[in-house]
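One structure below.
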Amino acid sequence: AAVKVLEATGHAVQVAAIAGERPLCCGRTYLAAGMVEEAKVEMARTLAALRPHLEAGTPVVGLEPSCAFTFRDECPALFPGDAVAKSAAGIQLADQYLAAEVREGRVTVPWRGTPQPVLVHGHCHQKAFGAFDATLELLRTIPGADIQSIESGCCGMAGAFGHEREHYEASMKMGELALLPAVRSQPGAAICASGTSCRQQIADGAGRTALHPMRLLAEAL
């Protein structure tokens, strides 16, 4: 979906990879478990794949807030003095990048209108890094769209936290504070959330399928 949207807005898309190797990883899952050295191995692989693009000044975007902001936050701290790690701190969410491109007049939006209201939940990392407003700004470029921000805190899933037996009850209580009731309150609305964990929590706790912003935009092309 992201490739479709980016190509429709005039971009040539390259997906970062190392030929013949397993997919790249930001290392976030290792960091969440306190496995710092393992996380550094994953980050180093990804930095090696991104090096030529970063050195060429090519915009690098991500789709999952936890992953994208790992390169903005933890990566430079784990590789102090590394020029590539410092450049990787400029990685943005695709939402942020496209919102700025539209705002600056470099992109003309190619989407058509959407007939239903859209409820949008912000990922904790999006909010912590001030990136959620860009997601709302981009979605509001859909003609006639009724984009509503859900006033919620953490969804309660928090990576693997909500999947662990000892945290399940706390996870669901967090979801029930605001997010899940808001989703249930508008059965006719589309649900949008950037975070993988957030979408899992919405599916498990409210029985609804939430779409990533890029999927929502791809469906509006």
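The values are calculated or read from the model by the stated rules, or taken from the named source; none is laboratory data. Please read all numbers here as calculations on a predicted model, not as lab measurements. Cβ atoms come from the backbone with ideal geometry, glycine included; neighbour counts cover every protein chain shown. Protein only, heavy atoms only, side chains kept; ligands, DNA and RNA dropped before computing areas. Shrake-Rupley method; radii C 1.70, N 1.55, O 1.52, S 1.80 Å.
Output the residue which, of all residues in the stretch 178-202 that are part of a helix (DSSP H, G or I), of a type in the set (V, I, T) and more than 10 Å from H123 (Cα to Cα), is farthest from the chain's Cα centre (by Cα).
If we take residues in the stretch 178-202 being part of a helix (DSSP H, G or I), of a type in the set (V, I, T) and more than 10 Å from H123 (Cα to Cα), then V183 is farthest from the chain's Cα centre (by Cα).
Hey, Y168 hits all of (1) closer than 28 Å to R103 by Cβ; (2) over 21 Å from the mean Cα position of the chain (by Cα); (3) assigned to a helix (DSSP H, G or I) but one; which does it fall short on?
Among (1) closer than 28 Å to R103 by Cβ; (2) over 21 Å from the mean Cα position of the chain (by Cα); (3) assigned to a helix (DSSP H, G or I), the lone unmet condition for Y168 is (1).
Regarding C124, is this residue open to solvent by 40 Å² or more (accessible area, probe 1.4 Å), of a type outside the set (F, W, Y), closer than 25 Å to A218 by Cβ and in contact with a Ser or Thr (Cβ under 9 Å, 6 or more places away or on another chain)?
Spelling it out, C124 is indeed open to solvent by 40 Å² or more (accessible area, probe 1.4 Å), of a type outside the set (F, W, Y), closer than 25 Å to A218 by Cβ and in contact with a Ser or Thr (Cβ under 9 Å, 6 or more places away or on another chain).
State whether the residues of the stretch 190-206 include one that is touching a helix residue (DSSP H, G or I) at 6+ places or on another chain (Cβ under 7 Å), more than 26 Å from A2 (Cα to Cα) and buried (at least 16 other Cβ atoms within 10 Å of the Cβ).
Checked against the condition, which is being touching a helix residue (DSSP H, G or I) at 6+ places or on another chain (Cβ under 7 Å), more than 26 Å from A2 (Cα to Cα) and buried (at least 16 other Cβ atoms within 10 Å of the Cβ), the stretch 190-206 yields at least one hit.
Tally the residues that are surrounded by fewer than 14 Cβ atoms within 10 Å (Cβ to Cβ) and either closer than 17 Å to V13 by Cα or small (G, A, S) (or both), restricting the search to the stretch 26-47.
Result for the stretch 26-47: 2.
Of all residues in the stretch 82-99, how many are open to solvent by less than 10 Å² (accessible area, probe 1.4 Å) and either free of Cβ contacts under 8 Å to residues at least 12 places away in the same chain or among the aromatic types (F, W, Y) (or both)?
The number of residues fulfilling the criteria is 0.
Which members of the stretch 92-149 meet the condition of being assigned to a strand (DSSP E or B) and closer than 30 Å to A32 by Cβ?
Q92, L93, V118, L119, V120, H121, S149, listed by residue number.
Write out, first by first residue and then by second, each pair whose Cβ atoms fall under 6 Å of each other, whose residues are 6+ apart or on separate chains, and whose first residue, in the stretch 138-164, is under 21 Å from V5 (Cβ atoms) while the second is modelled with pLDDT under 90 and surrounded by fewer than 20 Cβ atoms within 10 Å (Cβ to Cβ).
I142/T114; P143/G113; G144/G113; A145/T114
Against the definition (at pLDDT 95 or above and open to solvent by 20 Å² or more (accessible area, probe 1.4 Å)), how does V102 come out, yes or no?
In short, yes.
Pull up the stretch 165-178, narrow it to residues that are touching a residue at least 24 places away in the same chain (Cβ under 8 Å) and buried (at least 16 other Cβ atoms within 10 Å of the Cβ), then point me to the one that is farthest from P115 (Cα to Cα).
Ranking the candidates gives S171 first.
Assess whether V13 counts as being surrounded by fewer than 17 Cβ atoms within 10 Å (Cβ to Cβ), free of Cβ contacts under 8 Å to residues at least 12 places away in the same chain and within 24 Å of H212 (Cβ to Cβ).
The answer is yes for V13.
For the stretch 60-81, does any single residue satisfy the condition of being open to solvent by 60 Å² or more (accessible area, probe 1.4 Å), modelled with pLDDT of 95 or more and within 29 Å of E219 (Cβ to Cβ)?
Yes, because at least one residue in the stretch 60-81 is open to solvent by 60 Å² or more (accessible area, probe 1.4 Å), modelled with pLDDT of 95 or more and within 29 Å of E219 (Cβ to Cβ).
Within the stretch 1-42, work out how many residues are in a helix (DSSP H, G or I) and either over 25 Å from A77 (Cβ atoms) or at pLDDT 95 or above (or both).
Of the residues in that region, 14 qualify.
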